[in-house]
Amino acid sequence: MSTFVLMFSRHALDRAVERVWPGCDRDGALAHLTGLAAHLTSSKAPPAWLQDGPRDAPDGYPLVGDDIAFVLRQHIDGSYVAVTCLTRRWNRKARSRRQPTPTNRGRTARS
């Protein structure tokens, strides 16, 4: 069994809070992940339920059980960073609700 240091980006922690531990803040999500570290598995292939995932090929997927996947990137220095958190129930509609689209950015309601 090989061991490596896994860091989590702010975005990954924010998505973990939003999708997995909504009652926590980033520190709480990190505490949960630290407690689960011994149970994380890693895969080069995405989980079967992740059909509409990242467009570019990640360096791996740390998995928590069957329902939570992190998208892993390796930095030039060899360290690994989980850049986002996806769950089985995740979909692009949830993402579009968070981000303004070019058509609705900056618009205000008119009467």
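Every number here is computed from the coordinates shown, using simple stated rules; none is lab data. What you see is a predicted model, and the numbers here were worked out from it, not measured in a lab. Backbone-built Cβ (ideal geometry, glycine too); neighbour counts: all protein chains shown.
Here is how the numbers come out for the structure above:
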| read-out | value |
| --- | --- |
| Added length on full extension, which subtracts the Cα-Cα distance from 0.36 nm per residue, R89 to D77 | 1.0 nm |
| Separation of the H11 and T34 label points, Cα + 7 Å toward Cβ, nm | 2.5 |
| Highest average packing first - 24-30, 41-47, 12-18, Cβ atoms within 10 Å | 12-18, 24-30, 41-47 |
| Cβ-placed point charges (K, R +1; D, E -1), dipole of the range 6-96 about Cα centre in debye, nearest 20 | 340 |
| Among L13, P47, G28 - extreme Cα towards positive end, dipole of the range 3-89, charges at beta-carbon | P47 |
| Taking F70, F8 and counting other C-beta atoms within 10 Å, the order from fewest to most | F8, F70 |
